[in-house]
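Working notes, beginning with the structure itself.
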Amino acid sequence: MRRRDLFAVPLLLIADRALGADGYPDVVAGRALQFPRDHASHPEYRTEWWYITGRVRDADGSELGIQVTFFRNRPRVAEDNPSRFAPRELVFAHAAIADPRHGRLRHDERAARSGFGLAGAATDRARVWIDDWSLELGDGGYAVRIRAREFGFDLRFAPTQPVLVQGDEGLSRKGPEPRQASWYYSQPQLAVGGTVEVGGRRTTVTGRAWLDHEWSSELMGERAVGWDWTGINLDDGGALMAFRMRDQSGAPLWAGGARRAAGDKATALTPADVRFEPRRRWRSPRTGVEYPTSWTLVAGTQEYGLEPLFDDQELDARASTGTIYWEGAVRALQAGRVVGHGYLELTGYWRPLKL
């Protein structure tokens, strides 16, 4: 762990104690998302993340999964303190590469407080960074640079489709109470190009990726312990996102999503439209946590099988965001035929997730 990571970990405890504090703006209807402004940071809200996942092939034709997430948190402590060292904003980052030849996920993480040019999230454009890790939106799309311990990314993600606005004009419900909501949009079918470096070997990759940008002051209800989420780039050019919030017993508390056929308008998925049914489970040999890594997903009138690229895609993020979860590359199938590629995120199986 880096010295800056150790410096930031105690701040997680401070942020956790501040979660009940007032003063965060609510997510309420009547505000339309505005671009390019809403690609940038929204520092008044409690939590925000930019999340890119993708499936690429290297020069040898081998399939890889890539994932980069930047989180921003406003802990609401020391906001009146004039010191530049006051932890007004915390930034975290996760990066991972899924390579079936390796057999388990390679991942890394960073954490820091904003300031001094070393970490931050810009409010005038989409740019978030910690040291030499960065995600930035330019004229040609997103650029991501990661220098992790076991791997590196230097990738470009070019939009090929319009933004996919989630929920009701961007307001995505996460529970039965109005305050349990986020502002949320996606950019599916991003064209990926660039290089991936693993073990000192750099290779050119191409593929497709998915970006989520979401911000909120309260995402989860008291009974929720975590969520199951998937974003799929369909091979015909369509896009599918589906999620459900779970309680301690594994029962769904809320669900939703969106589906867009190639060249068509998006259709919002209601809680009644979405059903996740586990088909097979995998137990981590390191943590003992059991995850349902194979699913049947019902999304409106369509049914898909979700199968992992390989099972061991557990991400231990206790050094930054304080949790362990499963986040991995998957294939989407219908009638046994692969029809899309994407990512699956499974949280709250280790312990109840605390945002």
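The values are calculated or read from the model by the stated rules, or taken from the named source; none is laboratory data. This is a predicted model, so every value here is computed, not measured. No Cβ is skipped: glycine too gets one built from the backbone with ideal geometry, and neighbour counts run over all protein chains shown.
Among residues belonging to the range 310-355 that are among the polar types (S, T, N, Q) and either out of contact with any helix residue (DSSP H, G or I) (no Cβ under 8 Å at 6 or more places or on another chain) or not in a loop (DSSP other than H, G, I, E, B) (or both), point out the one that is farthest from residue 260 (Cα to Cα). Here the answer is 323. Does the range 167-179 contain any residue that is touching a strand residue (DSSP E or B) at 6+ places or on another chain (Cβ under 7 Å) and free of Cβ contacts under 8 Å to residues at least 60 places away in the same chain? Looking through the range 167-179, none of the residues is touching a strand residue (DSSP E or B) at 6+ places or on another chain (Cβ under 7 Å) and free of Cβ contacts under 8 Å to residues at least 60 places away in the same chain. Quick one: which of 277, 307 is at pLDDT 95 or above, part of a strand (DSSP E or B), of a type outside the set (A, V, I, L, M, F, W, C) and loosely packed, with under 14 Cβ neighbours inside 10 Å? Of 277, 307, the one residue that is at pLDDT 95 or above, part of a strand (DSSP E or B), of a type outside the set (A, V, I, L, M, F, W, C) and loosely packed, with under 14 Cβ neighbours inside 10 Å is 277.
The set of residues in the range 154-168 that are more than 21 Å from residue 233 (Cα to Cα) and out of contact with any Lys or Arg (no Cβ under 6 Å at 6 or more places or on another chain) contains only 168. For the structure I just gave you, tell me whether residue 236 is in a strand (DSSP E or B) and modelled with pLDDT of 95 or more. When the stated conditions are applied, residue 236 does not pass them. Of all residues in the range 298-309, those satisfying the criterion of being over 10 Å from residue 279 (Cβ atoms) and under 19 Å from the mean Cα position of the chain (by Cα) are 308, 309. Which one of these is of a type in the set (Gly, Ala, Ser) and either in contact (Cβ under 8 Å) with a residue 60 or more places away in the chain or over 19 Å from residue 153 (Cα atoms) (or both): 112, 119, 95? Going through 112, 119, 95 in turn, the sole match is 112.
Reported count of residues in the range 182-204, each being under 26 Å from residue 48 (Cα atoms) and exposed (fewer than 14 other Cβ atoms within 10 Å of the Cβ), is 0. The number of residues in the range 169-197 that are at pLDDT below 95 and under 27 Å from residue 62 (Cβ atoms) comes to 0.
The C-beta contact set for the range 49-74 (first residue closer than 21 Å to residue 189 by Cβ, second residue not in a strand (DSSP E or B), distance under 6 angstrom, 6+ apart or interchain) comprises 64/99; 65/309.
The residue that is modelled with the highest pLDDT, among those in the range 146-162 that are basic (Lys, Arg) and touching an Asp or Glu at 6+ places or on another chain (Cβ under 9 Å), is 147.
Could you identify the single residue in 262, 272 that is in a loop (DSSP other than H, G, I, E, B), more than 20 Å from the chain's Cα centre (by Cα), within 24 Å of residue 172 (Cβ to Cβ) and small (Gly, Ala, Ser)? Of 262, 272, the one residue that is in a loop (DSSP other than H, G, I, E, B), more than 20 Å from the chain's Cα centre (by Cα), within 24 Å of residue 172 (Cβ to Cβ) and small (Gly, Ala, Ser) is 262. The set of residues from the range 126-176 being in a strand (DSSP E or B), under 24 Å from residue 31 (Cβ atoms) and either of a type in the set (Asp, Glu) or in contact with a His (Cβ under 8 Å, 6 or more places away or on another chain) (or both) comprises 137, 168.
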